[in-house]
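One structure is given below, encoded as structure tokens.
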Amino acid sequence: MSIFNLTKSIKLSKDFKALSLHHCIVALSSGMFGLFLPIFLLKEFGNSVYWVLLFYLSGYFLYAFTAPLGAMLMQRVGSKRVMIIARFFNVAFYVSLYFLRYNPLLFAILANLNLVLFRTLYWVPYHVEFTRFTNGKYRGRQMAYLAILGYLIGVGAPLLAGFLLMQGSFELLFILAVLILMISILPLKRLSHQEIKFDFSYKQTFQELFQRKHRRLRAAYFSDGAQGLVGIIIWPIFIYQLLDGQYLAMGAVTALVVIATVICQLMVGGYTDKVSKKKMMKVGSLIYAIGWVAKMFVATVFQIFVAGTFHSLAYIAFRTPFDAFSYEKFADSGSYVDEYTVLREISSNLGRATMGLFLLALVALVGIKVAFPVAAVFSLFINVF
């Protein structure tokens, strides 16, 4: 199956194309820093995994309580404007990291605050717009289409980042990230204006979250956020330590894994629209959990590639139907798309923050490998949704 087959008989709206272009541009920046940002922080914080975890979990914890505020602002000024404003805070985040070496405590706080503001203003509008711009019948294929574009754009990003880091320093990457993110704002300006009404008050949002009827949503996204933190922080640091700081090798292995992921995504996208998404989620999450356990035994570059590829394929197998099913449920909620999106964001980030707190104690006592079986356990609870 080719990328053209994914879009066959699917009419992609102007808004979906604009959002896809924005996504692809951002993917270039994300591809450079998805692997290397935790390593940058590790080096700046004196090789302390403890401080890296604290940096991330504090940001996720704060965002869990500011997400409703972003939805309220979105209602006042519109999702398009809020997303554009958010990107400037994203730029400010990288600028703060650029100056981190001069005053680690001050600029770490500024970086985290800017990151929280970015997430608050960006992710709820993004998911709401994505739900509105995709077609329920072909949502799996449309999501695969978007994911593949992002992978294709970003496939060389980790390799480029590794090469630049071998030649110079992280500062050059931060400059490139700022330029790329500024360019990514242009497609957002092409989005049409959407009237959005957020019906929950700040207090009501949390009351709704902990109602019995939302326990499955809460558990699924909490678990997803918890296991996701391990992939964001622990896996890159584990690879870095295993390869003894060889940036180019890290980038090359990651690029190869991405190529294998693209091939799998091509197959899974269309398949998602034809079979039960819940069945795919159950099988995929089980295989994904096995992938976390397998990563405990990685010891060579080849094993990093094999484990990374296997885990990425398993991730695609459960993530594509999981996201498609989630967007369908939100779309079926009618006017409550934005409210359910906020509940999703709160649950996911509470999961990430909780996992971070959990790992602060475990990593100090046992080492970073303990994070992998813990992530495997949480992966199994994602399919309760």
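Each reported figure results from applying straightforward, stated rules to the coordinates on display, with no laboratory input. Computed from a prediction, not measured in an experiment: that's the story for all the values here. Neighbour counts are summed over all protein chains in view; Cβ atoms, including those assigned to glycine, are modelled from backbone coordinates with ideal geometry.
Brief remarks on what is shown
- Summary of packing: across the peptides 22-34, 287-299, the per-residue average of other C-beta atoms within 10 Å ranks them, highest first, as 22-34, 287-299.
- Evaluating 6.51 cos²θ - 1.76 cosθ + 1.60 at θ = phi - 60° for every residue in segment 170-185, the Karplus couplings come out as 5, 4, 5, 5, 5, 5, 4, 4, 4, 5, 5, 5, 5, 5, 5, 5 Hz, glycine and proline recorded as x.
- With the charge dipole of segment 181-232 set up from +1 on Lys and Arg Cβ and -1 on Asp and Glu Cβ about the Cα centre, the Cα lying farthest toward the positive end among the listed residues PRO187, LEU229, HIS214 is that of HIS214.
- Converting phi to 3J(HN,Hα) with the Karplus coefficients 6.51, -1.76 and 1.60 and the offset θ = phi - 60°, segment 115-131 yields 5, 5, 5, 4, 4, 4, 8, 9, 6, 5, x, 4, 5, 5, 5, 4, 4 Hz in sequence order, with x at every glycine or proline.
- Cα-Cα over 22 Å, subset of LYS80/LYS197; LYS197/LYS279; LYS17/LYS279: LYS197/LYS279; LYS17/LYS279
- Overall form of segment 63-121 per C-alpha gyration tensor (a/c, 1.5; a/b vs b/c): oblate
- When peptides 64-72, 312-320, 105-113 are ranked by their average number of other Cβ atoms within 10 Å per residue, the highest-first order is 312-320, 64-72, 105-113.
- Using the average count of surrounding beta-carbon atoms within 10 Å as a protection proxy, the listed peptides 181-187, 45-51 rank, highest first, as 181-187, 45-51.
- Under Karplus coefficients 6.51, -1.76 and 1.60, residue-wise ³J(HN,Hα) of segment 13-27 in Hz, glycine/proline x: 6, 4, 5, 5, 5, 5, 5, 5, 5, 4, 4, 5, 5, 5, 4
- If you take all other residues with their beta carbon under 15 Å from the beta carbon of PHE118, and give Lys and Arg +1 and Asp and Glu -1, the sum is +2.
- Contour minus Cα-Cα distance for GLN167 and ILE259 (0.36 nm per residue): 30.7 nm
- Positive minus negative residues near ALA18 (Lys, Arg vs Asp, Glu; Cβ under 13 Å): +4
- Charge tally for VAL230 (other residues, Cβ to Cβ under 14 Å; Lys, Arg +1; Asp, Glu -1): +2.
- Calculated translational diffusion coefficient of segment 11-106 (4 °C, 1.567 mPa s; Stokes-Einstein with Kirkwood radius over alpha-carbon pairs) equals 82 µm²/s.
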